[in-house]
1. Does B:Val90 qualify as being open to solvent by less than 40 Å² (accessible area, probe 1.4 Å) and either outside any helix (DSSP H, G or I) or more than 12 Å from chain A (Cβ to nearest Cβ) (or both)?
2. Provide a single number: the residues in the range B:121-155 that are touching a residue at least 40 places away in the same chain (Cβ under 8 Å) and among the basic types (Lys, Arg).
3. Can you say whether A:Val331 is open to solvent by less than 10 Å² (accessible area, probe 1.4 Å), closer than 19 Å to A:Leu280 by Cα and in contact with a strand residue (DSSP E or B) (Cβ under 7 Å, 6 or more places away or on another chain), as far as the supplied structure shows?
4. Quickly run through the range A:112-126 and pick out the residues that are within 31 Å of the chain's Cα centre (by Cα) and either of a type in the set (Phe, Trp, Tyr) or surrounded by 22 or more Cβ atoms within 10 Å (Cβ to Cβ) (or both).
5. Scan the range B:229-270 residue by residue and report those that are open to solvent by less than 30 Å² (accessible area, probe 1.4 Å), under 27 Å from B:Arg174 (Cα atoms) and touching a helix residue (DSSP H, G or I) at 6+ places or on another chain (Cβ under 9 Å).
6. Before we move on, is B:Asp301 within 11 Å of another protein chain (Cβ to nearest Cβ) and either of a type outside the set (A, V, I, L, M, F, W, C) or out of contact with any Ser or Thr (no Cβ under 9 Å at 6 or more places or on another chain) (or both)?
7. State all residues of the range B:397-407 that are of a type outside the set (S, T, N, Q) and either part of a helix (DSSP H, G or I) or open to solvent by 70 Å² or more (accessible area, probe 1.4 Å) (or both); if no residue qualifies, say none.
8. Would you call B:Met89 more than 29 Å from the chain's Cα centre (by Cα) and either at pLDDT below 90 or closer than 17 Å to A:Val40 by Cβ (or both)?
There are 2 protein chains.
Amino acid sequence: MRCEVVAIGTELLLGQIVDTNSSWIGEQLALAGIDSHFQVKVGDNPDRMEFCIRQALERSDAVICCGGLGPTQDDITRDVIAKIMGVEMVRDDAIAAHIREIFEGRGRPMPENNLRQADVPVGARSIEQMPGTAPGLVCPITVDGSDKVIYAVPGVPHEMREMMLGTILDDLRRRDGDTSVIRSRVLRTWGYGESALAETLADRVNALDTEGHATIAFQASGIEGIKVRITTKAADDAAAEAIIAAEEALIRELVADHIFGVDDESMETVVLAMLRERGLTFSAAENLTGGILSSRMTALDPGMEVFKGATIAPHGTNESARALPGEDRAVAAAMNAREMIGTDIGVAALAPLEGEEHPPGTVFVAVVLPDRAEAKTVALPGVLSRMRSYAVITVLDLLRKRLAESG
Amino acid sequence: MRCEVVAIGTELLLGQIVDTNSSWIGEQLALAGIDSHFQVKVGDNPDRMEFCIRQALERSDAVICCGGLGPTQDDITRDVIAKIMGVEMVRDDAIAAHIREIFEGRGRPMPENNLRQADVPVGARSIEQMPGTAPGLVCPITVDGSDKVIYAVPGVPHEMREMMLGTILDDLRRRDGDTSVIRSRVLRTWGYGESALAETLADRVNALDTEGHATIAFQASGIEGIKVRITTKAADDAAAEAIIAAEEALIRELVADHIFGVDDESMETVVLAMLRERGLTFSAAENLTGGILSSRMTALDPGMEVFKGATIAPHGTNESARALPGEDRAVAAAMNAREMIGTDIGVAALAPLEGEEHPPGTVFVAVVLPDRAEAKTVALPGVLSRMRSYAVITVLDLLRKRLAESG
């Protein structure tokens with residue numbers, strides 16, 4: 001099964017928008033075992049759009065057209081597909097009613113133009129998922145005696161993604177004669193190197209090589225940690241879920257508390273959720289991390305209900321603490337932030353003082369909880385800017401582990 | 001003149017890398033008045049690469065191939081172009097020597113493979129700019145009796161950009177029979193709305209419409225402010241520079257101190273440079289901005305030599321200041337940061353206290369200099385996360401203006 005992507009929009013060619021959609025679609029196709037040999041960007045021009053879509057149909061089994069489904073005169077993807085199919089367009093009353101409802105729900109008058117979005121080529125069906133006002137389309141077409149398909153999805157990334165994951169990927173594989181579903185889950189880990197993690201999970205990887213019902217893949221993702229992706233092909237969602245859950249349980253036994261989250265969860269969202277659940281607040285001494293922790297936390301907790309603030313100052317300015325060893329200085333800094341800002345918990349990340357002998361990349365992190373303090377020394381890679389980001393995740397991970405213990 | 005872009009690399013199709021190069025090239029082509037109707041991504045496959053490049057040559061006058069110029073066996077752009085040109089490859093001794101020098105300069109042994117990068121199709125010339133170990137190529141080719149050209153540039157963005165700006169854009173326009181150069185300069189402004197700025201500059205825009213030797217375009221860029229792009233077409237660099245400098249002077253008279261920088265300068269880099277030049281340090285009260293200012297400053301000033309730190313706490317926690325009006329509270333917060341952290345200058349951005357009646361988006365910003373304090377009230381657009389970023393630029397802009405006055 002081969003599927004191409006045609007990204008539509010003059011703004012893409014002019015560089016006003018970077019085409020991240022094709023990349024994401026390409027990744028999803030690869031994960032589903034579907035080849036994608038060409039991806040094309042073309043402007044809002046009917047002849048050139050037709051040319052690109054026809055060419056993609058000639059050399060592949062399917063083509064995903066992304067963009068050009070809006071309500072304006074520029075949005076001609078529907079019309080071009082109807083022309084290629086050799087059919088008329090017909091207004092889909094159910095979609096038209098749904099679009100009206102969306103506008104009513106927002107309390108805004110609907111420009112009549114918007115109903116163009118309810119026009120569907122005869123023989124096409126709309127995609128069930130419709131998070132915006134633009135319906136996606138599945139358009140079957142016969143090319144030189146072969147059954148092929150054109151999909152149309154909006155250029156708005158989250159709308160496109162919902163339709164890809166909800167309909168298109170499974171539809172593609174069914175067309176390939178494969179009625180199974182492919183599902184995957186990503187376990188997010190922190191604190192392992194890639195080879196150490198691979199070693200820890202080597203038995204599971206080998207077992208799956210033999211058993212064949214699932215695969216495990218590793219992806220080192222910088223400050224996002226190392227991702228462990230479990231992928232399985234099963235008869236249906238329920239069967240896939242059972243296989244993934246069983247494999248996840250086995251991996252969790254081996255990797256234990258290095259797993260901080262699942263799929264799109266980040267360290268920040270996980271820690272924030274744990275604190276919120278426990279009704280705890282926290283603050284930070286960002287001497288080393290220079291505001292990175294704060295800006296990420298305030299982005300996720302805009303009202304600063306859980307993350308209450310930070311102190312940021314260059315390393316070692318607190319004269320009275322200079323005589324202490326690194327870990328104790330980190331504890332002192334975390335305590336200071338906790339007291340100054342008045343929170344349940346304080347955290348800190350510090351670099352060694354000038355003149356102290358430590359390997360490059362040495363960082364002292366500390367977490368001060370209501371009933372105890374803990375610090376550790378870690379060696380982080382990279383230049384200062386990268387080390388700062390690593391230090392943020394390292395100190396949050398320490399906090400996460402202590403919160404997990406406290407239940 | 002029409003020019004297509006072929007981005008080469010299986011990793012682009014698999015979504016492991018987002019193709020930002022094509023977008024940037026598309027933008028540059030548009031600015032140079034060159035049409036680009038199609039942009040294609042293709043994997044490291046010789047037949048499919050050949051197909052894409054041949055097709056682009058059929059329907060356009062030029063094609064820019066981006067990527068596949070590295071030293072590994074996967075990197076076959078050179079070979080495919082030689083095949084399309086119908087010529088052999090020949091090793092360019094000067095390039096080979098230069099590559100050897102680069103490795104010697106880094107004190108690293110050169111894998112023999114790297115000399116593949118010095119292989120050039122017969123009849124092609126290498127591009128003068130060569131910031132890495134991959135030379136760019138200009139490959140003239142006759143297609144159906146027409147003189148056309150294939151350019152090859154590395155996929156490393158900064159290397160590609162240097163070659164585009166240094167050679168390819170001018171070469172394209174010369175081939176178009178146009179020996180003039182197109183040059184542009186962006187004046188970065190803050191504090192104007194787009195329509196107000198357009199009104200202020202309306203006379204210049206109209207004058208240029210008549211005079212025709214340059215154009216002015218506006219681009220609203222969110223927290224990057226509004227960009228005013230002066231573009232001119234002139235006989236050579238010196239003539240273009242003279243026209244742009246004259247137009248810039250006229251615009252600066254009208255827009256005055258709303259212009260904070262030129263081209264790629266950001267508000268942060270400009271303020272940091274001004275402080276550094278004057279030997280001044282600063283700190284911030286990030287009650288509203290929640291670490292955004294700090295994280296940007298520490299990214300640009302990793303040693304925290306100029307930006308010395310910040311205090312971050314939720315709005316209005318300083319009980320003694322609660323009775324003050326908003327602007328005075330902002331001054332108090334800036335003074336507090338300045339004293340606590342021990343810097344020459346303190347800045348602050350605060351939101352109104354709960355219960356205070358202000359229009360949505362009201363923010364109080366303050367700058368405390370060694371010899372005076374200043375505050376102002378601004379109305380910023382958008383949701384909280386966006387407002388925070390705007391507040392950072394607004395307070396830095398106030399600081400910039402005061403520093404500019406002090407010379």
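The values are calculated or read from the model by the stated rules, or taken from the named source; none is laboratory data. No experiment lies behind these values; they were computed from the predicted model shown. Here the Cβ is made from the backbone with ideal geometry for all residues, glycine too, and neighbour counts use every protein chain on show. Surface areas here come from the heavy atoms of the whole protein model, side chains and all, with no ligands, DNA or RNA. Shrake-Rupley method; radii C 1.70, N 1.55, O 1.52, S 1.80 Å.
1. Considered against the rule, which asks whether it is open to solvent by less than 40 Å² (accessible area, probe 1.4 Å) and either outside any helix (DSSP H, G or I) or more than 12 Å from chain A (Cβ to nearest Cβ) (or both), B:Val90 comes out as no.
2. Residues that pass the stated criteria total 1.
3. No; evaluated as a whole, the condition is false for this residue.
4. Matches in the range A:112-126: A:Gln117, A:Ala118, A:Ala124.
5. B:Ile230, B:Thr231, B:Thr232, B:Ala234, B:Glu247
6. Here the answer is yes, as B:Asp301 does meet what is asked.
7. Within the range B:397-407, B:Asp397, B:Leu398, B:Leu399, B:Arg400, B:Lys401, B:Arg402, B:Leu403, B:Ala404, B:Glu405 meet the criteria.
8. no
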